[in-house]
Amino acid sequence: MCAEYALIVELSQVSEPVIVCERLDLHHISASDVVTLYEDPENLSIYGSGQFTNPYRVLVDGHSPLRWRVPQVKANPEVNKWFVRWMVLRETREIVGSLSFHGAPDETGMLEIGLGVHENFWRQGFGYEALKGMWLWAASQSGVLKFRYTVDPNNEASVGLVRKFGFAHVGQQIDDEDGPEDIYEMSVKNFLNQHG
């Protein structure tokens, strides 16, 4: 086996430590499990060897960011560090949502995040809790200077969520699939001053 292939295989098994929040544990999905989840979603091995369950079929049914993350992971497994985490409700060990950065920090040190909470768990503070945990983790990583969150301006719950964190509205963009999105940003320094 060549050294380069061995490194890719080794990296594909790496998972980041669990981020522990008030009620949630944010479990990182290894590169190999991200690919398995996308290509073989009924494979139960992706659920932490029975550590938790996915009764709401998060990332299995419906719209999923995996179609973008899997090609990125296959091209460079190291980038998976920034990708998908299960939102596991500690009390029941059930997956109630997921979140993921869109990639590694860009040349300006900016990270953009996406979030999905199963509808059964909306308006219970899980999105806020998960985002805070993920952003606090990212703030401790080298080269991260700014956080970005984009949202449909008509999605009142998401707009309220990002405003609750104190992010500033900095513009709008047109997403190829979702149409107009408002762009919110906050420096890591300001985030830590307010939420650290």
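Can you give me the relative contact order of the chain as a percent, contacts being Cα pairs under 8 Å and 6 or more apart?
Taking the mean separation of contacting Cα pairs over the length of the chain, I get 16 percent.
Most exposed first by the Cβ proxy, i.e. fewest other Cβ within 10 Å, how do 144, 60 rank?
60, 144
Looking at the chain, how many pairs of lysines come closer than 21 Å at the Cα, when each pair is eight or more places apart or spans two chains?
Close lysine pairs found across the chain: 8.
Would you calculate the volume per residue, in Å³, of the smallest convex hull containing every Cα atom of segment 137-182?
Per-residue hull volume (Cα only) is 104 Å³.
Putting +1 on Lys and Arg Cβ atoms and -1 on Asp and Glu Cβ atoms, find which of 44, 127, 174 reaches farthest to the positive end of the dipole of the chain.
127
Can you tell me how segment 70-172 classifies by the Cα gyration tensor, rounded, prolate or oblate, using a/c under 1.5 as the rounded cut?
Because a/c hits 1.5 or more and a/b fails to exceed b/c, segment 70-172 counts as oblate.
So what is the 222 nm mean residue ellipticity for the chain from helices alone, if each DSSP H run of at least 4 adds -39500 (n - 2.57) and you divide by all residues, rounding to the nearest 500 deg cm²/dmol?
That calculation yields -9000 deg cm²/dmol at 222 nm.
Going by how many other beta carbons lie within 10 Å of each one, how would you line up 146, 74, fewest first?
Neighbour counts put them in this order, fewest first: 74, 146.
Suppose R0 equals 30 Å. What FRET efficiency, 1/(1 + (r/R0)^6) with r the Cβ-Cβ distance, do residue 172 and residue 194 give to the nearest 0.05?
0.80
Where both partners of a DSSP beta bridge lie in segment 75-165, what percent of those bridges are antiparallel, to the nearest 5?
Once the DSSP bridges in segment 75-165 are tallied, antiparallel ones form about 75 percent.
Give me the dipole magnitude in Debye, nearest 20, for the chain about the Cα centre, with unit charges on the beta carbon: positive for Lys and Arg, negative for Asp and Glu.
680
Angle check, please: helix 66-75 long axis (alpha carbons) against the longest principal axis of the chain (alpha carbons), in degrees 0 to 90, nearest 10.
Computed tilt is about 60 degrees.
Please list, by residue number, everything in segment 139-166 whose backbone N is under 16 Å from a paramagnetic label point 7 Å out along Cα→Cβ of residue 106.
Of the residues in segment 139-166, 144-151 have backbone N under 16 Å from the label point off residue 106.
Based only on other Cβ atoms within 10 Å, what is the fewest-to-most ordering of 137, 82, 122?
122, 137, 82
Run through all the Cα pairs of segment 15-195 and give the fraction in each 10 Å bin from 0, expressed as whole percent.
Values per bin, smallest distances first: 9, 38, 39, 13, 0.
Bear in mind that the values in this text are calculations on the coordinates, not laboratory data. Predicted model only: the values in this text are computed from it and were never measured. Methodologically, a virtual Cβ is constructed for each residue, glycine included, from the backbone with ideal geometry; neighbour enumeration extends over all protein chains shown.
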